[in-house]
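Down below is the structure, laid out as structure tokens.
The values are calculated or read from the model by the stated rules, or taken from the named source; none is laboratory data. Quantities reported herein were computed from a predicted structural model and do not represent experimental measurements. Every residue, glycine among them, receives a Cβ derived from its backbone with ideal geometry; neighbour counts consider all protein chains shown.
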Amino acid sequence: MQQRELYFFIGTEAELIKLFPVLRELRARGVPCRIVASGQNDLKKSTVLRALNGGQVDLELSDERSIRKTAAGLLQWYAATWRGAAARMEQAFGAAALRGSVLVVHGDTVSTMMGAYLGAKLGMRVAHVEAGLRSHNWLNPFPEEIDRVLTSRKAVLHFAPGAQAVQNLQKAHAKGQVVDTVYNTIIDSLAWSRREPCRDPAVQALCGGDYFVFVMHRQENLANKKLVQAMVERMTAQAQKRRCVLILHKPTEVTLDQMGLLAPLRANAQFTLLPRVEYFDFMKLLDGAAFVITDGGSNQEELAYMGKPCLILRTHTERQDGLGQNVVMYGGDLRAVDAFTARYETYRRAPVCPEQSPAKVIADTLQACREG
């Protein structure tokens, strides 16, 4: 029987980071893999993609520069990209080659949902990596919870990172096959990052020092000006004890500037303000921190595997990683922030050592699905 190529539909660098070990494992086995980039992020700029295959994609459906950085802009981009996506994929790869082959999507972005619906439209078998995570609140995190639920309805192969995710899929009567990968593939990406040399001079200068990392970039947090003000005041107080490394995602920078907070932070000698750091170096930055305060979901997973004290600036989370151990969720109560910073050392845990590689589990299954 003919063995088909595998197709990976990737929209953001966060998706790429978590699919990187799967793609690397498959390529090491000589399994042909095609990468279709939605264009939500410019993957060709990514050090992760360069480490994988020199920074090449097989098809790019749009240009990130065309996306206005607003919710409305993202919706317009989705509609425009979707309209011609199926025809472009058929033109690039052939309708017959696509039909019946496996299309892999990851996680919970709008590109994840786009890929799942596109695959179903083209008669492909949709495989969802990092399936089954649920906050059980459709509006929080938004739109991630909706993206996951709708993606699961199109997938026939669900790679669930742990028993809770498997149970969520079973309760939802997910069609097709559910595979428990036990761990998230980020644990494989994290292991690989430790082999990579640090390339960012700013990160090199910080490593070995006494600092904590602060990340706040989600729109629901930045739109809450009282929360932004309160967190900046608390981080400024903490910076008197040890350096604060503030990651300036573009929305964060704009919000702080509009509130008149950016200039004082730049002038504060106890703050280091860094633009978004490339993944491999960012893992080194997190690994060297005394503790981390972040609203990033993937950060929760990474820090859980590191055993690093972590406060999640969210009221809901679809991830169970580290909760009740090294991870505390703020839950809308600033007293939780104060309690965490006062006793963060009590949340330190030993790093997680996986019994098996989730990337290899996924690669085994995908390799077996190539026939037919």
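Here's a check for you: in segment 28-41, which residue that is surrounded by 16 or more Cβ atoms within 10 Å (Cβ to Cβ) and without any contact (Cβ under 8 Å) to a residue 60 or more places away in the chain is nearest to residue 3 (Cα to Cα)?
Once the filter is applied, the top-ranked residue is 33.
Conditions first: (1) modelled with pLDDT of 95 or more; (2) part of a helix (DSSP H, G or I). Residue 14 passes all but one, so which condition is the exception?
(1)
Go through (1) surrounded by 17 or more Cβ atoms within 10 Å (Cβ to Cβ); (2) not in a loop (DSSP other than H, G, I, E, B) one by one and return the number of the condition residue 266 breaks.
(1)
Would you point out which residue out of 367, 320 is surrounded by fewer than 21 Cβ atoms within 10 Å (Cβ to Cβ) and outside any helix (DSSP H, G or I)?
320
Among residues belonging to segment 173-203 that are in a helix (DSSP H, G or I) and out of contact with any Lys or Arg (no Cβ under 9 Å at 6 or more places or on another chain), point out the one that is surrounded by the fewest Cβ atoms within 10 Å (Cβ to Cβ).
That would be 201.
Give the residue, chosen from 254, 213, that is assigned by TED's automatic domain parsing to the domain that holds residue 333, surrounded by 21 or more Cβ atoms within 10 Å (Cβ to Cβ) and within 30 Å of residue 335 (Cα to Cα). If you could, list the steps in order and put the result at the bottom.
On the way: 254 fails: surrounded by 21 or more Cβ atoms within 10 Å (Cβ to Cβ).
None of the others qualify; the one that does is 213.
Report the residue count in segment 75-114 for those that are among the aliphatic types (A, V, I, L, M), in a helix (DSSP H, G or I) and buried (at least 16 other Cβ atoms within 10 Å of the Cβ).
8
Is it true that residue 333 is without any contact (Cβ under 8 Å) to a residue 60 or more places away in the chain and assigned by TED's automatic domain parsing to the domain that holds residue 107?
When the stated conditions are applied, residue 333 does not pass them.
Rundown of residues vs (1) part of a loop (DSSP other than H, G, I, E, B); (2) within 13 Å of residue 36 (Cβ to Cβ), yes/no style:
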| residue | (1), (2) |
| --- | --- |
| 116 | no, yes |
| 123 | yes, no |
| 128 | no, no |
| 134 | yes, no |
| 138 | yes, no |
| 141 | yes, no |
| 147 | no, no |
| 157 | no, no |
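Residue check, residue 298 against (1) closer than 21 Å to residue 190 by Cα; (2) at pLDDT 95 or above, all met but one. Which one?
Status for residue 298: all satisfied but (2).
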